[in-house]
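The structure appears right after this line, and notes come after that.
What follows draws every value from the coordinates through simple rules; no lab data is involved. Everything numeric here is computed off the predicted structure, so don't read it as measured data. Positions of Cβ are generated from backbone atoms using ideal geometry, with glycine treated the same way; all protein chains shown enter the neighbour counts.
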Amino acid sequence: MKIRFIGTGSGKTSLKRDHSSILIENGNTNLLIDCGDGISKAFLKNSISFNSINSILFTHYHADHFSGIASLITQMKLDERVGRLTIFTHTNLVEPLKNFLHSTYIFEESLQFELDIIGFEFGKDYSINDEISFYAKQNLHITNKYRTDSIPENQFVSSSMLIKIKDESIIYTSDIGIREDLFLFDEVKPKIFITETTHIDKDWIHGIVAYYHPEKIYLTHISDEDEQELVKYLRNQTFPHSVKVMLAEDGHSVILF
């Protein structure tokens, strides 16, 4: 089983890093977490078959995490996909997703493959297959950014994810709103902790180490402007020998077991 970083960039488009997307590969199951702008081209660069993806899991709908979905499904259709595709998104965002796809002329009944869109709720376990499940908690990334009557309150949804694979756990913060969003999963000792860097203070990384004691911490959602500062910061920090903290790179694979 491995994790592959498809896109590790921030919301700012970069020539070096693609927008946010992580692929979990386990046998015949390929789970894509987030689907940022430009995902289809990122797949080509990483020699990933469009039709190899079984499931997609969304954390939130900012364009750098979401807007590649229409293009990706289009490429699946052009490649004559026949296997079922399952998309997991928060229950409140199911209809917005359908409306978005319909606005790009993607209709479930016009596809030659089955497209299932499943809504999840916070605080419940959901199975991808017999070995992979996820558990989502709401963070304050969206809520802290938008205060307007023009957007229905129930669409202020941003999720942090606990991914369970056999006996191992992975935490993916996605984008967060406040420091406390890093510590949503009590009594969990993840093997890998993946955190964005755009909306955090770098010194909070020490808090992640102390709270979770993961084996590895990967920093992602990295802008071109912040990259050198992050490299310099990590070079000057001392972490316990049992914890490795590193910048994620597009295309980088991590073997979990």
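Results, tabulated for the structure shown:
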{"item": "Candidates SER20, SER133, SER47, ranked by Gaussian network fluctuation over the chain, Cα under 10 Å, top entry", "result": "SER47"}
{"item": "Using alpha-carbon coordinates, inclination of helix 69-78 to the longest axis of the chain, degrees", "result": "50 degrees"}
{"item": "Other-chain or far-sequence residues with amide H under 5 Å of SER169's (modelled H)", "result": "LYS191, ILE192"}
{"item": "Potential lengthening between PHE100 and ASP79 on full extension [0.36 nm per residue; Cα-Cα distance subtracted]", "result": "5.4 nm"}
{"item": "Pairwise FRET efficiency - GLU109 versus TRP204, Cβ, R0 = 45 Å, nearest 0.05", "result": "0.45"}
{"item": "Cα gyration tensor shape for region 153-207, rounded if a/c is under 1.5, else prolate or oblate", "result": "oblate"}
{"item": "Convex hull volume of the chain per residue (C-alpha atoms, cubic angstrom)", "result": "125 Å³"}
{"item": "Degrees, to the nearest 10: 224-235 long Cα axis against longest axis of the chain", "result": "40 degrees"}
{"item": "Cα gyration tensor shape of region 1-111, rounded if a/c is under 1.5, else prolate or oblate by comparing a/b with b/c", "result": "rounded"}
{"item": "Calculated FRET efficiency for the pair THR86/ASP167, C-beta based, R₀ 35 Å, to 0.05", "result": "0.90"}
{"item": "FRET efficiency, HIS241 to ILE178 (Cβ-Cβ, R0 22 Å, nearest 0.05)", "result": "0.15"}
{"item": "Simple Cβ-charge dipole of the chain, Lys/Arg +1 and Asp/Glu -1, about Cα centre, in debye nearest 20", "result": "540 debye"}
